[in-house]
Amino acid sequence: DLYYSSQSGVIAAKRADLAIYNNAWAKLEAGQFDDAKIKFEQARSEISYDTKWLIEDGLAWILFYKKDYAGAQKAFSAIVAANPKAYLSHKGLGYALTELKQYEAASKSLVTAYNLAPYQGVVAFTAPTLKMLDAGAFVDAREVLKLGELIYPYSADIQFLLARAYNGLNNQTDADKKALAAVSLAPTYIDP
């Protein structure tokens, strides 16, 4: 929906102005989990009521980064139950479920996240689906990648992973089409 995409853009713009919150994310990505938790808690004061879920989301991502996937799943599930439009938490839930090898549920959460906020970067589509493909969850990976293809039609990575998904589903015609698309988009990137 256009409305939800617009709303996610507004949230992203608000996030850009949140100095303490952004510092918390920097700490999290650097693996400084205790410092990140402190910063997320401090950031509560700078976040408006309608985006308070971002704090709980950040705390849930700490669990994910610490590889507590069951804890992250529980935390993200609570956030999306209270705020169905919390697209980052839907994504986090999808990532946690992927790590827990619950691929069908992961695919549903990721599709929800990307329908709410489509432009999350190519890696948001490829990172979890690569794990799904490696595990043989071809249908689940295909569903996420088809949405990624709508957003990033010129991504060689998405085309190549779609080729793998179709190949795993014994759909050689579509696998060949996607493999050729991947090669034409990045002929030096794809290993022949």
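The values are calculated or read from the model by the stated rules, or taken from the named source; none is laboratory data. Note that this is a predicted model, so its numbers are computed, not measured. Here the Cβ positions follow ideal geometry from the backbone for every residue, glycine too, while neighbour counts run over all protein chains shown. When the accessible area is computed, the model is the full protein with side chains, heavy atoms only, and any ligands, DNA or RNA have been set aside. Shrake-Rupley method; radii C 1.70, N 1.55, O 1.52, S 1.80 Å.
Of 168, 132, 73, which is farthest on the positive side of the dipole of the chain, counting Cα position, with +1 on Lys and Arg Cβ, -1 on Asp and Glu Cβ, and the Cα centre as origin?
Farthest towards the positive pole: 73.
Report the calculated FRET efficiency for residue 186 and residue 29 (r = Cβ-Cβ distance, R0 = 22 Å), to the nearest 0.05. Present the calculation step by step, with values, prior to reporting the outcome.
Values: r = 27 Å, r/R0 = 1.23.
The value I calculate is 0.20.
Beyond 25 Å between alpha-carbons counts as too far, so tell me which of 66/101; 67/178; 67/101; 74/101; 39/146 fall in that bin. Let's see the in-between values first.
Details: 66/101 17 Å; 67/178 33 Å; 67/101 14 Å; 74/101 15 Å; 39/146 37 Å.
Beyond 25 Å: 67/178; 39/146.
Suppose every Lys and Arg Cβ carries +1 and every Asp and Glu Cβ carries -1, with no other charges. What dipole size does the chain come out with about its Cα centre, to the nearest 20 debye? Walk me through the numbers on the way to the answer.
Values: 20 positive and 21 negative charges, 39 e Å.
Dipole about the Cα centre, nearest 20: 180 debye.
Roughly how tilted is helix 53-65, in degrees to the nearest 10 and between 0 and 90, from the longest Cα axis of the chain?
In the chain, helix 53-65 runs at an angle near 60 degrees to the longest axis.
With runs of 4+ DSSP H residues as the only contributors, calculate the mean residue ellipticity of the chain at 222 nm using -39,500 (n - 2.57) per run, divided by the residue total and rounded to the nearest 500.
Working: 11 runs with 145 residues, N = 192.
Computed mean residue ellipticity for the chain: -24000 deg cm²/dmol.
Among [x] 1.08; [y] 1.04; [z] 1.35, which is the computed Cα Rg over 2.2 N^0.38 Å?
Given [x] 1.08; [y] 1.04; [z] 1.35, the structure-derived one carries the label [x].
Residue separation times 0.36 nm, minus the C-alpha to C-alpha distance between residue 37 and residue 119: what's the value? Let's see the in-between values first.
Working: separation 82, 0.36 × 82 = 29.52 nm, distance 2.68 nm.
Additional length available on full extension: 26.8 nm.
Using per-residue counts of other Cβ atoms within 10 Å, averaged over each peptide, order 143-152, 20-29 from highest down.
On the way: 143-152: 20.0, 20-29: 18.0.
Descending mean neighbour count gives 143-152, 20-29.
How much area per residue is accessible in segment 97-192 when the probe is 1.4 Å and only protein heavy atoms are counted (Å²)? List each step's numbers first, then the result.
Numbers: 4880 Å² over 96 residues.
Per-residue accessible area for segment 97-192 comes out at 51 Å².
Give the peptides 120-126, 92-98 in descending order of average Cβ contacts within 10 Å, highest first. Don't skip to the answer; put the middle values down first.
On the way: 120-126: 17.7, 92-98: 26.6.
The densest-packed peptide leads the list: 92-98, 120-126.
Taking only Cα atoms, what is the 0 to 90° angle, nearest 10, from helix 69-82's long axis to the longest principal axis of the chain?
Once rounded, the angle reads 70 degrees.
Which order do the peptides 161-167, 134-140 come out in when sorted by mean C-beta neighbours inside 10 angstrom, highest first? Mind showing how you got there, number by number?
Details: 161-167: 22.7, 134-140: 16.6.
Highest-to-lowest ranking by the protection proxy: 161-167, 134-140.
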